[in-house]
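Everything below concerns the one structure shown next.
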Amino acid sequence: MGRRLFVSVDLPDEFADDIAAVQARFEDADGLSFTDPEQAHVTMKFLGDVDEDRVEAVGDAVAEAVAAADVEPFRARYEGLGVFPSLEYISVLWLGVTAGNDELSRLHDAIEDRTTALGFDAEGHEFTPHVTLARMEHAGGKELVQRGVREWTPTVGEATVDAVCLTESELTSEGPVYSTVERFPF
């Protein structure tokens, strides 16, 4: 059994209350399962189960990707709402990123190149930088979510991004618990 890993850009801890406040706006939406605001992040690449003997190679690939992306620390602004895959069929409710997208996309593309070279599956969709707020397990509260996404543009804040992290996700009965395996500053 490997370690369940992904590459992320983590949001500052002080955003947790504001993220929780955005989530609270949707607390009456039946069928939504909220993420932990203390663990808010932008997923750059989901890797899945990685054998222990490959973790170092993955770390090396991420380090190479960060160097290849050639980005300086930048400001990212977290605001606005969206859903995947569409407003008609919602599986994920997310907080958007309105500044820093170019840098995040450059990092993502470099990480994608290096990890697919190691044999990880390529993403099957275009990269949209976002912070997952909730997953929709059934459509009971779909109309409330649709209305919120159409009518409200919350701003959580702006922060400097100066690293990506290799993160482990441990599935527990309380939900996933994330821990940083390695941090890659730039």
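Taking only alpha carbon atoms, the range 1-101 gives an Rg to Rh ratio of 1.01, where Rh is the Kirkwood radius.
Local charge for residue 24 was computed over the other residues whose Cβ lies under 12 Å away, with Lys and Arg +1 and Asp and Glu -1, and equals -3.
Taking the centroid of alpha carbons for each part, the range 1-37 and the range 98-153 are 13 Å apart.
When the chain is fully extended, how far beyond the present Cα-Cα distance does residue 137 get from residue 49, taking 0.36 nm per residue of separation? Each step should come with its number before you reach the end.
Details: separation 88, 0.36 × 88 = 31.68 nm, distance 2.32 nm.
Taking residue 137 through residue 49 to full extension adds about 29.4 nm, to one decimal.
Here the spin labels are modelled as points 7 Å beyond Cα on the Cα-Cβ line, and at residue 126 and residue 84 they lie 1.4 nm apart. A Förster distance of 35 Å, applied to the separation of the beta-carbon atoms of residue 155 and residue 117, puts the FRET efficiency at 0.40. Note on 130, 138, 108: ascending count of other Cβ atoms within 10 Å places them as 138, 130, 108, the fewest first.
Among 173, 91, sorting on how many other beta-carbon atoms sit within 10 Å of each Cβ, with the fewest leading, yields 173, 91. Computed over the chain, the percent of Cα pairs more than 25 Å apart is 35. Taking the Cβ of residue 33 as the center, what net charge do the other residues with Cβ under 15 Å away carry, scoring Lys and Arg +1 and Asp and Glu -1? Here the charged neighbours net out to -4. So the label point goes 7 Å from the Cα of residue 172 along Cα→C-beta, right? Which residues of the range 27-41 then have their backbone N under 18 Å from it? Hits in the range 27-41 for residue 172 at 18 Å: 34-41.
Nearest 10 degrees, 0 to 90: what angle lies between the long axis of helix 101-117 and the longest principal axis of the chain (Cα atoms)? Once rounded, one gets 50 degrees. If you take all other residues with their beta carbon under 11 Å from the beta carbon of residue 73, and give Lys and Arg +1 and Asp and Glu -1, the sum is -2. Under a Gaussian network description of the chain, with springs only between Cα atoms under 10 Å, the residue in 86, 169, 105 that fluctuates furthest is 86. Near residue 44, the amide H atoms lying under 5 Å from its own belong to 7, 8, 9; only residues 5 or more places off or on other chains count, and H is placed 1.01 Å from N.
Here 167, 128, 160 are placed in order of increasing Cβ neighbour count within 10 Å, fewest first, which gives 160, 128, 167.
All of the numbers you see were taken from the coordinates with simple rules; none came from a lab. Predicted model only: the values in this text are computed from it and were never measured. Backbone-built Cβ (ideal geometry, glycine too); neighbour counts: all protein chains shown.
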